[in-house]
Structures are given as C-alpha cells and as structure tokens.
1. If you build the convex hull over the alpha carbons only and average its shadow over all orientations, what do you get for chain B? Give it in nm² to one decimal.
2. Taking the Cα centre of chain B as origin, sum charge times position over the Cβ atoms of Lys and Arg (+1) and Asp and Glu (-1), and report the length of that vector in debye to the nearest 20.
3. Provide the FRET efficiency to the nearest 0.05 for the B:ARG121-A:ARG42 pair, computing r from the beta carbons and using R0 = 22 Å.
4. Run the numbers on segment B:34-192 and let me know its relative contact order in percent, using alpha-carbon pairs under 8 Å that are six or more apart.
5. Within 10 Å of each candidate Cβ there may be at most 10 other Cβ atoms; applying that plus a DSSP loop requirement, which GluC sites (Glu not before Pro) in segment A:78-137 survive?
6. Can you list the GluC sites (Glu not before Pro) in segment B:45-89 that are in a DSSP coil and have 15 or fewer other beta carbons within 10 angstrom?
7. Give, ordered by residue number, each residue of segment A:114-136 whose 1.4 Å probe accessible area is reduced by a minimum of 20 Å² on adding the remaining protein chains to the chain alone.
8. If I take the Cα coordinates of segment A:80-129 and project them onto the principal axes, what are the three extents in Å, biggest first?
Amino acid sequence: MLHSPKLVTTGFFLFLFAVVSVADDSAQVRLVGEVAQGMDYRLSIQQIESIGLIEIESYSPYDKRADRFAGVWLDQLVAHFGKPEVTRVTMRTIDDYEVEFTPSEWKNSRILMVTRVNGKHISFATKGPIRIIIPGYDPREKAHQVSLPKWIWMITRMEFR
Amino acid sequence: MDMDDNQNGVQIAPPSMVRMVPFLVLILFGIGIYYFHSLEHIAERLTESEQTMKMADSIRHTLKVSILNLRASEAYLTALSTEDEELVNDALNYMEASLGFIFSEYVDVEPLADRVVPLIRENIHLIETQGLAATDERMQKLQQNLNTLYREVAQREMSIWITLQEDFIQFQSNEYRLQLVYQFVAAIALVF
C-alpha cells in the first residue's frame, strides 16, 4: 500500500489547515519606544511592505524545506520606522516570547522580516503575520546554529530602544 | 668471532618489559574499542540529539497550545463583559496562533491534530459567528471544547515526556554498559 493511514490523516489535516487558514494582510503590528516622528504606532502589513518588499528563496531549518520568503530587511525597517538613535530592537510574539537585535546584527547579518511565504500573506496559523528568517542557513556554521532562537514567529510588537 | 652483545647493540628485553607487552596490547585493544564504538555511534548520537531537541520543542509547543487557548478564553470573556470588539479579535488571534504551534515541526503531530484541531476550529467558528452576542448554550459548548482540549494537550505533553525519559534511561544504560566494558579491559590489563 502506498499510503499508511497515519500519512493520510496527517495529509488530510494539513490540507484542511491550508484550506481554512485564510491569510490576509489586515493584521497589525504594534510599534513602541523610539518610533520615528510621524509614524503610526500600529503598522499594517502593507505599510511594512511599502518600504521595500523583496523576495528570496531560502531553506528553513524549522520547516525543513526551502520556500520563497518575501518581506523587508530589518536594517531598512529600523531605519524607516525607528529614530536614528535606536540601538536595540525587541521583537515580541503573541505568546510573549521576546528576542532582541542589536545594530551589529542587523548590519552584519541579513535578517528578513517575512510577511509572505510562497507569495501569500501569512496568518497566525501559518506563523504570521510576521516571522523572522536569516537566509543562507548552514547547519555546519556555529554562528547560524546560535542564531536559530532568533527565527521567531507570530510577531505582534516591536520595541525600538 | 664471538659476538659482543654490548658492542653490537643487540639486546634482549628485560623480563619486566616482556610482562608489559600484554598490558600494552590490552590498552591498545581498549582504545581501539573506544574509537570503534565512538565512530560507529556518531551518526546515531546526532540523530538522537536531533530527536531529543524535537521532543523538547514539541513539549514546549504543546504547552503553548494550552496557554494560548486559555488566553483566548480570558480575552473573549473580557470582551463579553466590556463589549470590546478588539478583544474578540485578540481571542481569535490566540486560537489561530495555537494552530500555528500544532503545525510547526512536531515529534508526532497526528494525535494532537486529530483530537485538538477540530476543537479549536469549532471554538473559532463559535466566536466568529456569535461575536459579542453570546448565548449560554454556545458558551457551554466553547467551555466544554476548552476542557477537552486542556485534557488532550496535557496527555500529549505527558506522553512526549515519558518517551523522553525512557530514551534518557536507555541512553544511561548504554553508557553504563560501555563504562563496564572499559573498566573490565582496564582491570584485565592491570592483572597482567
């Protein structure tokens, strides 16, 4: 037999999950702290994407596959929405997981704030509305392994300090 | 012509040196076993480490499913008492996010997906359709689904934890057995 009942069940749920998870771009992210003058404290996905949406193909060690990720680079996001004196950015997820980035990280590493995967906006059910990836993951590189906890999902708040 | 051992450099090893030979052979044998065992098990250990990480992640994600649904319930109850539409959206977001954790890389997704996902889907549907106009019947159903979800998630977490413990005990037993082999080899070497 080609398919075990276990695989069929999993496939069915993944299919159901894909069908019923309607990802949209209406989600918002809160900005707090040293936000640039004139900027909203609640950003829509369109506002974030408007600063320069780029798309790359990259392997994700969490998803164990390569996907097309689209979003904006963290350095551009900080330069656009934060004050020039910002030296720390703390990202918080819906489950209150927090990760901090420093200028050396966003200047020396390519950190992508992903808003779309394979051309579609991502919902909470698909790790959206924003998730972080650091493209070019190589499991043999210790620095890449160390940065894995920073690949966070479901970001709802960004604090500029 | 007689051979002068001292002048020609031909020497017979003293008896103490001869006795050392089996000892050295055994030491080399022990080291050989150690390296053979290490090399043989590198790939296996890497797989075991990955599996352990996956199980730790799964336990973490399982608990997040519970926490997020609890938060959803709290947000929804507050939304009803304060008539705050935004909190209804928060509740829905928490529930959606809990689905995201179930479908992240998981050690064995079927048991959780089979039992828990339909409950979350039904609760999302209940909240979406009733909004702030909740009925007792629907609220009871929502609570009933949540209670089942907490129970299922706890059982799943316990199941992963037991597997993790069993694997650890197995690992300890294997290491202990290996340690006994080394000690045995060392003891034999000392006897010789």
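1. Projected over every direction and averaged, the Cα hull of chain B covers 17.7 nm².
2. 520
3. Plugging the Cβ-Cβ distance into 1/(1 + (r/R0)^6) gives 0.20.
4. Taking the mean separation of contacting Cα pairs over the length of segment B:34-192, I get 26 percent.
5. Hits after loop and neighbour filter: A:GLU85.
6. Filter output for segment B:45-89: B:GLU83.
7. Residues passing the criterion (a loss of at least 20 Å², heavy atoms only) are A:PHE124, A:ALA125, A:LYS127.
8. Here the spans come out as 34, 25, 18 Å, largest first.
The values are calculated or read from the model by the stated rules, or taken from the named source; none is laboratory data. Just so we're clear, the structure is a prediction, and the values are computed from it rather than from any experiment. We place every Cβ from the backbone using ideal geometry, glycine too, and count neighbours over all the protein chains shown. SASA here: full protein model, heavy atoms, side chains in, ligands and nucleic acids out. Shrake-Rupley method; radii C 1.70, N 1.55, O 1.52, S 1.80 Å.
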